[in-house]
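> If you scroll down you'll find the structure; I have some questions about it.
Read-outs throughout are calculated quantities, based only on the coordinates presented, and are distinct from any laboratory measurement. Quick caveat, the model's predicted, so the values are computed rather than measured. In this analysis, Cβ positions are derived from the backbone assuming ideal geometry, glycine residues included, and neighbour counts consider all displayed protein chains.
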Amino acid sequence: MSEYIEKGLGPNELLAELHSLIKSYNSAKGTFMLVYASAVEKPIPDCAMCMDDYYTIRDLLRKNDLKKLDFYIETPGGRGEAAEEIARFIRERFDDIDFVISGEAKSAGTVLALSGDNIWMTESGSLGPIDAQVKIGRTQTSAHDYIEWVDEKREEANKIGKLNPFDAVVTAQISPGELKHVFYAQKFSEDLVKEWLPKYKFKNWVTTETRGVTVTPEMRQDAADSVVRELLNHSRWRSHGRSLKIADLNGIGLKIEKLDENPILAEIVYKIQTLIRLLFLNTNIYKIFATDSEKIIRQAVPAGGAQKLPPLPGNAKSIQIDVKCQKCGEMHKFYAKFEADPLIDKQLQEKGFQPFPKTNKLICKCGFELDLSGLRNDIEAKTRKKFII
């Protein structure tokens, strides 16, 4: 990481370097790499895998003519349906698919990775239990944990004849339809892995390692069922967020390729991971889709990023805006003009305001970059006036 920090590269330069690294990887391995990464630590709901990710990936890959894909993935998990659609699309378009994991690929990310022919992991990479994430109210939660909690409350009620007032209120709001939805979401992820493992990951398993016995389709399916049972074994892993490393995954019957045994590829992948971390750390980017020549990024402004704008009279000539850096907390005072009046600049700059950036980007002293284009569009839409910059 220090290599890129010392260079003082900005977001655009980091993204350009990402393209260069992907090209180097493609050349070294003779493949086509897609980078799909989410900011796992950022508290943004859209970080999770969703159907919009499928449409974005489809758009990036649909014109590609190569038949070999290396899919770099970092995700906290998300919708099983999105994982299914992404897998279905890439399996139809590519003959050979390897997943590359150097960060975290949890839940639906694990499910998606198990649709590949091979899984390459660095020492820092991890998968997770295949626990579906479901939306309950306003939050995403573990399907397994939700079902387990409901079962515990049911047993408690049967044992002592009642629940405490808080639990009683919560359980009273749970509908049978909601319970079915959670159960089916969990079963859906389980069924996908049971289908994909024999079809792709285990397809080249021809003879057993110890006795040299010919492997039958039934043996492949039994092996897949065993892997699924272990990935659903919460008494073993203890936590939905548990990181399953190479040794853990090999121990349950998944053969993981060790990327660190190929120093050239490993160095490229570690650098890709570092660039992604820097982009997530120093900008409001929370999701990246990239190939060697194209990129699509998702950016967000936190709820507290900009203060609520005061009502403006119809004849307002300017607007004053306070924006808080979400990394260090420093407040930045900007103004934007609706009329080409130099006196406005003089008066507001004397009060400590800076002109609204021509690039629509705030670059804080701490190095964080914030995209203000959404804020500008919102103000222009509400005032029906264009900024004069």
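> Among the GluC sites (Glu not before Pro) within region 253-288, which fall in a DSSP loop and have no more than 16 other Cβ atoms within 10 Å of their own Cβ? Write down the numbers at each step before the final one.
Values: sites: 257, 261, 267; in loops: none.
Of the GluC sites (Glu not before Pro), not one in the loops of region 253-288 has a Cβ with at most 16 other Cβ atoms within 10 Å.
> Another one. For the chain, place one equal point scatterer on every Cα, skip the solvent, and apply the Debye formula. What is log10 of I(q)/I(0) at q = 0.09, 0.11, 0.14 Å⁻¹?
With one equal scatterer per Cα and no solvent, log10 I(q)/I(0) is -0.66, -0.90, -1.20.
> All other residues with a Cβ under 12 Å from the Cβ of residue 204 taken together, and with Lys, Arg as +1 and Asp, Glu as -1, what is their net charge?
Values: positive: 199, 201, 203, 220, 255; negative: 96, 117.
Taking every Cβ under 12 Å from that of residue 204, the sum is +3.
> Here is a follow-up. Taking a Cβ-Cβ separation under 4.7 Å as the criterion for a possible partner, which cysteines of the chain have none?
For the chain, the answer is 47, 50, because their Cβ atoms have no other cysteine Cβ under 4.7 Å.
> Would you mind giving the average projected area, over all directions, of the Cα convex hull of region 318-383 in nm² with one decimal? Provide the component values of the computation, followed by the final result.
On the way: hull surface 18.3 nm².
If I average the Cα hull's projected area over directions, I get 4.6 nm².
> Below 13 Å, Cα to Cα, which aspartates and glutamates can residue 324 reach? Residues fewer than 8 away in the same chain don't count.
Output for residue 324: 369, 371.
> Taking the 0 to 90 degree range and rounding to the nearest ten, how far is the long axis of helix 217-231 tilted relative to the main principal axis of the chain, both from C-alpha atoms?
Rounded to the nearest ten degrees, it is 50.
> Would you report the distance distribution of C-alpha pairs in region 192-281 as whole percents per 10 angstrom bin, up to the bin with the largest distance?
14, 33, 31, 19, 3, 0
> On a 0 to 90° scale, report how tilted helix 51-61 is relative to the longest principal axis of the chain, with both axes built from alpha carbons and the result rounded to the nearest 10.
With both axes taken from Cα atoms, the answer is about 90 degrees.
> Report, in debye and to the nearest 20, how large the dipole of the chain comes out about its Cα centre when Lys and Arg carry +1 and Asp and Glu carry -1 on their Cβ. Mind dumping the intermediate values first?
Numbers: 56 positive and 56 negative charges, 249 e Å.
Charge dipole, the chain, about its Cα centre: 1200 debye, nearest 20.
> Could you give each residue of region 111-117 its phi-based ³J(HN,Hα) in whole Hz, using Karplus coefficients 6.51, -1.76, 1.60 with θ = phi - 60°, and x for Gly or Pro?
With the stated coefficients, region 111-117 comes to 4, 4, 4, 7, 8, x, 6 Hz.
> How would you order 245-254, 188-197 from highest to lowest mean count of nearby Cβ atoms within 10 Å?
Details: 245-254: 15.4, 188-197: 20.5.
Sorting 245-254, 188-197 by mean packing, highest first, produces 188-197, 245-254.
> Rounding to the nearest 10 and keeping the result within 0 to 90°, find how far the Cα-based axis of helix 263-282 lies from the longest principal axis of the chain.
Helix 263-282 sits roughly 40 degrees off the main axis of the chain.
> Strictly over 20 Å apart at the Cα level, which of 201/245; 333/358; 203/271; 337/365; 317/382; 201/258 would you flag in this model? Please list the in-between numbers first.
Numbers: 201/245 18 Å; 333/358 15 Å; 203/271 32 Å; 337/365 25 Å; 317/382 14 Å; 201/258 15 Å.
Over 20 Å Cα-Cα: 203/271; 337/365.
> Using square roots of five times the C-alpha gyration tensor eigenvalues, list the equivalent-ellipsoid semi-axes of region 1-67 in whole Å, biggest first.
Details: eigenvalues 109, 93, 18 Å².
Over the Cα atoms of region 1-67, the ellipsoid semi-axes are 23, 22, 10 Å.
> Near residue 351, which aspartates and glutamates are there with a Cα under 14 Å away, not counting those fewer than 8 places off in the same chain?
322
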